[in-house]
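Okay, so here's the structure we're looking at.
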Amino acid sequence: MSRLTRPLLFASPEECEHAFYEALEAADVDAVVDLWLEDDDVVCIHPNGPRLLGFAAVRASWAAILANGPLHVRGTLRKSLDTPTVAVHNVIEEVLVGQGTAQQVVSVLATNVYVKTSAGWKMVLHHGSQASGGEVVSTPEPNAILH
């Protein structure tokens, strides 16, 4: 589906997140940028990168990344905290890196935050960190209440 036929309003943070990963796979900079709230307070931190503040910096960073072509990434194992106006999603991104037979999957721990606006759900934060050693460790949730 082309960017022009996709709805511009996202009815849920899940729809916005799905569109985000689709746009990365398609190297569609305009679609990625359309997902972000156009505001000076948005924040993006790419793995091993600086904190980028503001819509212009975020837009420029995605344009530079996607200038190299599609970003093959799949969000998995999402944990979320959703309220009527803010959603915080923590995902494990499986990113395919390398070329030819030298490809490998790197795990990135990412947090995506969305806010509900009059224009639907918009992204306000993306923070990615490479998982230590490329592996992701999950601990079981405790059975007892600690507090």
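The values are calculated or read from the model by the stated rules, or taken from the named source; none is laboratory data. Computed from a prediction, not measured in an experiment: that's the story for all the values here. Reconstructed Cβ throughout: ideal geometry from the backbone, glycine too, with neighbour counts over all protein chains shown. Each accessible area value is taken on the protein alone, full model and side chains, heavy atoms only, with ligands, DNA and RNA left out. Shrake-Rupley method; radii C 1.70, N 1.55, O 1.52, S 1.80 Å.
Structural remarks
- FRET efficiency, 1/(1 + (r/R0)^6) with R0 22 Å, evaluated for Q130 and T85 via beta carbons: 0.10
- Computed over protein heavy atoms with a 1.4 Å probe, the accessible surface of the range 80-120 works out to 55 Å² per residue.
- The share of accessible area on the range 1-111 that comes from carbon and sulfur is 57 percent, using a 1.4 angstrom probe.
- Karplus-based coupling profile of the range 34-50, in residue order and whole Hz: 4, 7, 7, 5, 7, 8, 6, 9, 6, 9, 9, 10, 7, x, 6, x, x, with θ = phi - 60° in 6.51 cos²θ - 1.76 cosθ + 1.60 and x standing for Gly or Pro.
- Note on the range 18-108: Cα Rg divided by 2.2 N^0.38 Å, N the number of residues, gives 1.14.
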